[in-house]
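Colleague: So that we are looking at the same thing, I have put the structure below in structure tokens.
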Amino acid sequence: MKKYILSIILGMLVGVFMSKTFLEEYDNYKGIKKVSNTGTNAYFIKYGTYKDEKELEKNTSKLINYIYTKEEDKYIVYIGITFDKNNLDKLLNYYKSLKYNVEVEEYVITSKPFIEYLTNTDKLISNSKDSSVIGEVCNQVLSKYEELVINGSKN
């Protein structure tokens, strides 16, 4: 009987240790947690993170167009979206030429109309070397994202 109790306690300890390790690995995972097969990974170009709307408005006054989201009491501003890695490099160079300090984040987009739109505009960016065209296409993409994804999700 004593032999069984020791085995049961040892098995429970191993189970608790393995569960704890597994859950810590899951919590520490910083990549994209894909929950849908219908979405497509997109690169979002982040302009900055601000603590309140007043600071956001102050720091984005020179931008022509942007979108933002509120996460954990902070406002995150994005100024570009693309699917294509080569276009991402082109957009980053464009924004660096404007002296913007930008970062890249990946998100999954599930809106089919926006996926089609962004696929077509990615072709425009791929074929363009003119920075004014690239800037205008970025503004149109952000407007369409707001129309189809942000406002489309409210309907």
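The values are calculated or read from the model by the stated rules, or taken from the named source; none is laboratory data. Computed from a predicted structure; not experimentally measured. Cβ coordinates were reconstructed from backbone atoms using ideal geometry, including for glycine residues, and neighbour counts include every protein chain displayed. The area values use the complete protein model at the heavy-atom level, side chains included, leaving out ligands, DNA and RNA. Shrake-Rupley method; radii C 1.70, N 1.55, O 1.52, S 1.80 Å.
Colleague: Using the Cα atoms of region 110-155 to build a convex hull, what is its mean projected area in square nanometres?
Modeller: Working: hull surface 11.9 nm².
Average projection, Cα convex hull of region 110-155: 3.0 nm².
Colleague: Now for a different question. Answer rounded, prolate or oblate for region 65-155, using the Cα gyration tensor with square roots of eigenvalues a ≥ b ≥ c: rounded when a/c is under 1.5, else prolate when a/b is larger than b/c, else oblate. Walk me through the intermediate numbers first.
Modeller: Working: a/c = 1.90, a/b = 1.24, b/c = 1.53.
Verdict is oblate for region 65-155.
Colleague: Restricting to Cα atoms and excluding each atom paired with itself, what does the Kirkwood estimate give for the chain in Å? Mind dumping the intermediate values first?
Modeller: Details: mean 1/r = 0.0546 Å⁻¹.
Hydrodynamic radius (Kirkwood, Cα pairs) of the chain is 18.3 Å.
Colleague: Mind checking which of Tyr47, Tyr26, Tyr78 has the largest fluctuation in a GNM of the chain, springs on alpha carbons under 10 Å?
Modeller: Tyr26
Colleague: Once you've got the GNM for the chain with C-alpha springs shorter than 10 Å, pick whichever of Thr21, Thr119, Thr82 has the biggest mean-square fluctuation.
Modeller: Evaluated over the chain, the most mobile residue of the options is Thr21.
Colleague: Helix 112-127 versus the longest principal axis of the chain: what is the Cα-based angle in degrees, 0 to 90, to the nearest 10?
Modeller: 60
Colleague: Leaving out ligands and nucleic acids, note down the accessible area per residue over region 1-129 with a 1.4 angstrom probe, in whole Å². Could you put the intermediate results ahead of the total?
Modeller: On the way: 9500 Å² over 129 residues.
Dividing the accessible area of region 1-129 by its residue count gives 74 Å².
Colleague: Select from Thr38, Ser126, Val16 the residue farthest towards the positive end of the dipole of the chain; place +1 on Cβ of Lys and Arg, -1 on Cβ of Asp and Glu, and compute about the Cα centre.
Modeller: Ranked along the dipole, the leading option is Val16.
Colleague: If you split all Cα-Cα distances of region 70-113 into 5 Å bins from zero, what percentages do you get per bin, shortest first?
Modeller: P(r) over region 70-113, rounded to whole percents: 5, 16, 25, 22, 18, 11, 3.
Colleague: Pairs Lys54/Lys99; Lys54/Lys123; Lys20/Lys46; Lys99/Lys144; Lys90/Lys144: which exceed 31 Å Cα-Cα? Could the numbers behind the result be given before it?
Modeller: Details: Lys54/Lys99 22 Å; Lys54/Lys123 36 Å; Lys20/Lys46 34 Å; Lys99/Lys144 25 Å; Lys90/Lys144 20 Å.
The answer is Lys54/Lys123; Lys20/Lys46.
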